[in-house]
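Since the structure comes first, as structure tokens, the remarks are kept for the end.
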């Protein structure tokens, strides 16, 4: 039976890639469940038009994780059409 | 009980008042436009008869009644050091203790007539300590140099002088020539002040609310006794704006506690609170309160492509709008892993 998804494995989040336009700086953060662990990534400088989808490296290890983006200054905008998150399982799980 | 002395620091209105230096019958150094408010205040407050003064009268050499009358009203700021208690350095109304009450008020001023020829009649100067329609005449002018005074008219208003009225009204001076003929003359006035007796009401009134307060806030006053006899609270702002809260608008009222809701005052800044009651005459100074006007509310409108919020704010020039950022817009992916 082919394995679908993950079952408690420890994951290594190693990069993210966005298709984003806008203005200002998009601030990216990796977060675990309940925000116990967080990792701020390099800001993505946004432009109204772009021909690239920049890859941002990360080094975040946790059982489950998500990516959060925000802007903090007036008149900053973002328009995201694609998010790719690169992960790899590196351990089978946490001991009980 | 003590003695207070109050000196003007504002010119409310000025019609025909000059500022300059007198040399016998002719004024010298009369500036165009009559002089600034600060110059006129310096003249009217000075005790030195030799320096420049507030002047009024006919122009020298061209006697005419045109422009010869002077109507000027002086007042007091709430935050300026303008009241001296028992000979001590002057302090501001903002710094007077709660319960400050006056029991008398008298305007004193020194005037001097300068004329080429002594007029046969000279009822030139009138003082006006309040705003009643019939002005109280100062003592008729009878000599070249005289100190005149005007007591507060206790019959009008019937409540007698109050510290609230003194601050609200200030005092006025009129120089109305009544001499016959065309004799050139000038009047100079200086060393003006209001003097009277004051008390500190012994019931220990205390303004418990610490500002800044906004309209709709509950304002609390406490005392050892006597608050059940209060029937009016008056709030005055620096620019003379006055709001009266009647006894019917009090929220709670006991001998030791009184609360009321601060109404919309239409100004932002420091205001003075006064109380009137039946257990004492006049009004009692309660203290100063920092007042803020709430920012106005509006209807939220969705505007496509707008990248900020617009809010109403109160500035010194009145309500205006200000663009602010949308509070940190954010997005979040779903959790990966399981």
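Side notes on the structure shown:
- Packing rank of A:35-42, A:59-66, where each peptide gets the mean count of other beta carbons within 10 Å, highest leading: A:59-66, A:35-42
- Take each residue in A:19-27, count the other chain C-beta atoms within 10 Å of its C-beta, and the mean is 1.
- When peptides B:96-108, B:203-215 are ranked by their average number of other Cβ atoms within 10 Å per residue, the highest-first order is B:96-108, B:203-215.
- Modelled FRET efficiency - R0 22 Å, residue B:37 with residue B:106, Cβ distances, 0.05 increments: 0.35
- Annotation: extensible slack from residue A:7 through residue A:57 equals 15.5 nm (criterion: 0.36 nm per residue apart, minus Cα-Cα distance).
- Inter-chain Cβ neighbour count for A:65-74, averaged per residue, equals 5 (cutoff 10 Å, partner chain atoms only).
- Between residue B:222 and residue A:34, the modelled label-to-label distance comes to 4.4 nm, taking each label 7 Å out from Cα in the direction of the beta carbon.
- Per-residue mean of C-beta atoms belonging to partner chains within 10 Å, peptide B:325-334: 6
- Note on residue B:254 and residue B:48: with the Förster distance fixed at 60 Å, the Cβ-Cβ geometry gives a FRET efficiency of about 0.65.
- Label separation (residue B:278 vs residue A:48): 7.4 nm, computed from points 7 Å beyond Cα along the C-beta direction.
- Hypothetical label at residue B:197: residues of the range B:76-105 whose amide nitrogen lies under 11 Å (7 Å Cα-Cβ projection): B:103-105
- In this calculation the C-beta distance from residue B:309 to residue A:17 is compared with R0 = 41 Å, giving a FRET efficiency of 0.80.
Values quoted throughout were computed directly from the atomic coordinates according to the rules given, and no laboratory measurement underlies them. Everything numeric in this text was worked out from a predicted model, so none of it was measured. Counting neighbours? That spans all protein chains shown, and the Cβs are built from the backbone with ideal geometry, glycine included.
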